[in-house]
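Structure first, then comments.
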Amino acid sequence: MERLSWDDYFLKEIVPAVAKRATCDRGRSGAIIVKDKRILTTGYVGSPSGLPHCDDVGHLIHEVIDENGVKSKHCVRTLHAEENAILQAAKFGISIEGATIYCSMVPCFRCAMKMALSQNTVLEHFMLKKTPFYKRLNLGFLLKEQLFIAVWCHAFDAQ
């Protein structure tokens, strides 16, 4: 039997397990922060500790209108998986500088900014569901201390 690569181990095995803890059915997502092949923290979509969860009390929906007038609805009761993973590191004093964040969804712009500000300079392994092949997607460039940090995405079949 062939041994899993580290990327496949983290993305196909660990991240989906973490995502099963999510408490908002609008985004059952997970994330892990890894450095030197060691898991530092995990995070999933969920309300902050001690506050009600969407699965228990329903969603707290906020409507957003973008600059083109397009409306979208977002649940604001919960934190995103990437946010939770970063906040867990902060709460327990764990440095995540230079770490890799593995996610089950492409991060939103706000989460990508938080990753850059956390000095996660390796942001290259994200899993996109229902994508049957590898491809690179440039999500943009973020400026941090006069260094451009490219945020990339490797998409592949999660099955």
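Computed extension length for S49-S72: 5.6 nm, one decimal, from 0.36 nm per residue of separation with the Cα-Cα distance subtracted. Taking a ≥ b ≥ c as the square roots of the eigenvalues of the alpha-carbon gyration tensor, the stretch 24-73 is classed oblate because a/c is 1.5 or more while a/b is no larger than b/c.
In a fully extended conformation the segment linking E97 and I14 would gain 27.8 nm over its present Cα-Cα distance, using 0.36 nm per residue. What number comes out for the charge environment of A99, summing +1 per Lys or Arg and -1 per Asp or Glu over other residues with Cβ under 10 Å away? Net of charged neighbours comes to 0. Neighbours of L4, meaning other residues whose beta-carbon lies under 13 angstrom from its beta-carbon, give a summed charge of -1 when Lys and Arg score +1 and Asp and Glu score -1. The solvent-accessible area of D56, taken with every protein chain present and a 1.4 Å probe, is close to 120 Å². Using C-alpha pairs under 8 Å with a sequence gap of at least 6, the mean separation divided by the residue count of the stretch 1-110 gives a relative contact order of 30 percent. Among K71, K20, K37, K114, the order of accessible area from largest down is K20, K71, K37, K114, computed with a 1.4 Å probe on protein heavy atoms.
The values are calculated or read from the model by the stated rules, or taken from the named source; none is laboratory data. On a predicted model such as this, the values are computed, not experimentally measured, just so you know. In this analysis, Cβ positions are derived from the backbone assuming ideal geometry, glycine residues included, and neighbour counts consider all displayed protein chains. We work out accessible area using only protein heavy atoms, side chains counted, and drop any ligands, DNA or RNA first. Shrake-Rupley method; radii C 1.70, N 1.55, O 1.52, S 1.80 Å.
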